[in-house]
Every structure is written in C-alpha cells, then in structure tokens.
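Everything on this sheet refers to the single structure shown next.
Laboratory data are not the source of any read-out in this text; all were calculated from the coordinates shown. Everything numeric in this text was worked out from a predicted model, so none of it was measured. Here the Cβ positions follow ideal geometry from the backbone for every residue, glycine too, while neighbour counts run over all protein chains shown.
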Amino acid sequence: MTKPIYVINGPNLNRLGLREPEIYGTTTLADVEKMCRAAAGSNPVEFRQSNSEAQIIDWVHEAIDKGGGIIINPAAFTFVSIAILDSLKMFPGPIIELHITNIHKREPIYHNSLVSKVATGVMAGFGAEGYPLAMRAILTMVAAKAK
Ligand code: DHK
C-alpha cells in the first residue's frame, strides 16, 4: 500500500490568488492542489490547509502514522512555532519545507525558519510551481528510502 504524501498549508494560504497577488501570485490553492495531484500521478496525496496551529500539528501526527512524506508550507508559523517543529521531529520520512516566495529576500521577520532545523530540503521562491517540483522531489526521496 503506497503511503500518501501530505501537503500541509498554513495560515492565510486559503486566500492564495487573492492575497497580495503581487507577492504570492494569482494561482489559487485549489489550482495548487490540482498541480500537486498531477505531479503525484498514482501516488495518493492528502492536501490540507488550516489557519490553526493545533490543526496543523494534528495533521502532522496523522502523517506520522499514515504518511510517506510531508510537504509543508507553514506560512507565518514557520518562524514562531516550536510546537510544529516538535511535531515534525517525530516524522520518520522526508520533509520538504516550501515557501512560495523567497523568504530570504523579504523582510527580516521572514528570515529565520524554525522548520528548516528539521526539514530534509527547503524550497523557496519558485511560486506556485514550487509545489509540483516539491512533489516530484519528495516522491524520489521516498522511493530512494524504500530501496
Ligand atoms: C507564506 C506566508 O504566508 C508567509 O507568512 C511566509 C510564505 C511566506 C510563502 O512564501 O509561501 O513568510
């Protein structure tokens, strides 16, 4: 049974496409989900978004028990949530931290990711296209680990 890839999105990403389009682009989260599923092919995907830190942590716990890999855009929680960091530390598979924007080119408040301390890989600045890129990368990581 192929384990699903969990794609977990944090706060305000439900408004992607409407939210500061000059920064985050006009692609909606629904479009991003379609891009992820297309890139995943037959591999199952669990695509989630929440504005709640507790819900994100619960989904990471679900992935610990059921998932093969995690792609996570924690959004603003990236920089402040030790609780999400601690939950990700328990995940046995590959984790890709993803940001639509290049957080290192932005305001200093966006420069210090806590999640990067546990992520297998980090992607930032590829726009919405980063999601299918991350999906292809994590599927390669999962396959390599399975050998
Ligand atoms: C999304 C957010 O909501 C911001 O809080 C991050 C990230 C950047 C992104 O680029 O996807 O700082």
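What pairs in Lys3/Lys145; Lys89/Lys117; Lys3/Lys117; Lys66/Lys117 have C-alpha atoms more than 19 Å from each other?
Among Lys3/Lys145; Lys89/Lys117; Lys3/Lys117; Lys66/Lys117, the Cα-Cα distance tops 19 Å for Lys3/Lys117; Lys66/Lys117.
Take the alpha carbon atoms of the chain, find their radius of gyration, then divide it by 2.2 N^0.38 Å using N residues; give the quotient.
0.96
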How compact is segment 13-94 by the rule of thumb for globular proteins, expressed as Cα Rg over 2.2 N^0.38 Å? 1.16
Which net charge results for the neighbourhood of Leu85, defined as the other residues with beta-carbon distances under 12 angstrom from its beta-carbon, given Lys and Arg at +1 and Asp and Glu at -1? -1
Between Ser52 and Asp31, what is the label-to-label distance in nm when each label sits 7 Å out along the Cα-to-Cβ direction? 2.9
If each of Ala144 and Asn102 carries a label point 7 Å out from its Cα toward its Cβ, how far apart are those two points in nm? 2.4
Would you mind calculating the relative contact order of segment 5-146 from Cα pairs under 8 angstrom and at least 6 residues apart, reporting the percent as a whole number? 28
In debye to the nearest 20, the charge dipole size for the chain, taken about the Cα centre with +1 at each Lys and Arg Cβ and -1 at each Asp and Glu Cβ, equals 420
Sorted by average packing, counted as other Cβ atoms within 10 angstrom per residue and highest first, what order do 139-145, 114-120, 66-72 take? 66-72, 114-120, 139-145
Surrounding charge for Phe47, neighbours by C-beta under 10 angstrom, Lys/Arg +1, Asp/Glu -1, total +1
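With runs of 4+ DSSP H residues as the only contributors, calculate the mean residue ellipticity of the chain at 222 nm using -39,500 (n - 2.57) per run, divided by the residue total and rounded to the nearest 500.
Mean residue ellipticity, 222 nm, calculated: -11500 deg cm²/dmol.
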Measuring from label point to label point, each 7 Å out along Cα→Cβ, what is the Asp65 to Glu22 span in nm? 4.6
